[in-house]
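Read through the structure below, which is laid out as structure tokens, and then see the notes.
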Amino acid sequence: MKRVLLVCLISFATLTAFSQTRKAEGASEAAAAPQAPATPIIKTGPRAAKYEVLYGSKPLSKADQKELNEFVASCDASFPSRSEAVTFFAERAWEYIASARLDTAAHRFNLISALDANSVDVYWGLGVISFQRGDNDLAIRLLNKGLELDSTQSMLRVDYAIVKLSCFEKGQDCGTLDEVEAELKHALQQDPTNANALMKRSQVAYYKENYELAWTYFHEARMADILQLDLNFGSLLAAKMPDPKGIFK
């Protein structure tokens, strides 16, 4: 399921509006950015606390505390262990994210945190939700906490890099190209076949105006998993420099 969600995350955000330019570290100026759909952010009224990330980090109401206690008691009675309950409900929560039911997913992850306060799924899932809600700062804190709990999760690290890339695109202080590159490099050391990480490295190289390197990563991504290629980005890259392999026009 996380594999599916990683693709979902990228489709919602890493191909975010590449419409701004910034001074790139080590480059004279960021390249003219590829145009792509902006991250969709659903604007709603104030949410109930149970739909906020970790209940908004505020004391629980009596109703929320009662629900939480009953959930934990029910899981203890129904599952051989809390770890099995966490696995079961985390899968359901990821499914809610995949179907864009973010409030329901957040509620589920909040409940799961009562079963295991150190669940990587909780911080990963809530990080994805925060990102899709447009809160990059919170998403970074949550995804970073997930990595602190398990630094071997290469796909989680790519998601973390994706949010930092979004920060760069939006001119926010929460991410630089060098930070993104470092995280992607680390992720590829853990999993050299991660096509999403290779695509992101291609985009970072594009921003730094190193188009030859961008093509190198683009073709490495193609070899790793052709289904993960962003062909629109490939066309924009071709406009800056013809494909050295002559595959993309």
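Each value in this text was obtained by applying a stated rule to the coordinates, not by laboratory testing. These numbers come from a predicted model, not from an experiment. Cβ sites come from the backbone with ideal geometry, for glycine too, and all protein chains shown count toward neighbours.
Excluding residue 163 itself, what net charge comes from residues whose Cβ is under 15 Å from its Cβ, given Lys and Arg +1 and Asp and Glu -1? Residues near residue 163 contribute -1 overall.
Pairs with C-alpha atoms separated by more than 25 Å, drawn from the list 145/170; 164/249; 145/185, are 164/249.
Each residue of the range 200-214 was assigned a 3J(HN,Hα) from its phi angle through the Karplus curve 6.51 cos²θ - 1.76 cosθ + 1.60 (θ = phi - 60°); the sequence is 5, 5, 4, 5, 4, 4, 4, 4, 7, 6, 9, 5, 4, 5, 4 Hz, with glycine and proline shown as x.
Working ranking of peptides 102-109, 198-205, 114-121, 171-178 by packing, defined as the average number of other Cβ atoms within 10 Å per residue, highest first, is 198-205, 102-109, 114-121, 171-178.
Among the chymotrypsin sites (Phe, Trp or Tyr not before Pro) found in the range 129-168, not one is both in a DSSP coil and sparsely packed, with 16 or fewer other Cβ atoms within 10 Å of its Cβ.
Straight-distance candidates among the aspartates and glutamates for linking to residue 200, with alpha-carbon spacing under 16 Å and chain neighbours fewer than 8 residues away dropped: 159, 169, 178, 179, 181, 183, 191, 209, 212, 220, 225, 230.
Summarised in one figure, the compactness ratio Rg/Rh of the range 111-160, Cα atoms and Kirkwood Rh, is 0.95. For the range 164-174, the Karplus equation 6.51 cos²θ - 1.76 cosθ + 1.60, evaluated at θ = phi - 60°, returns couplings of 5, 5, 4, 4, 4, 4, 8, x, 8, 7, 8 Hz by residue, with Gly and Pro reported as x. In a solvent-free Debye calculation with one equal scatterer on each Cα, what is log10 I(q)/I(0) for the range 169-224 at q = 0.30 Å⁻¹, listed in the order of the q values? Debye intensities relative to I(0), on a log10 scale: -1.19.
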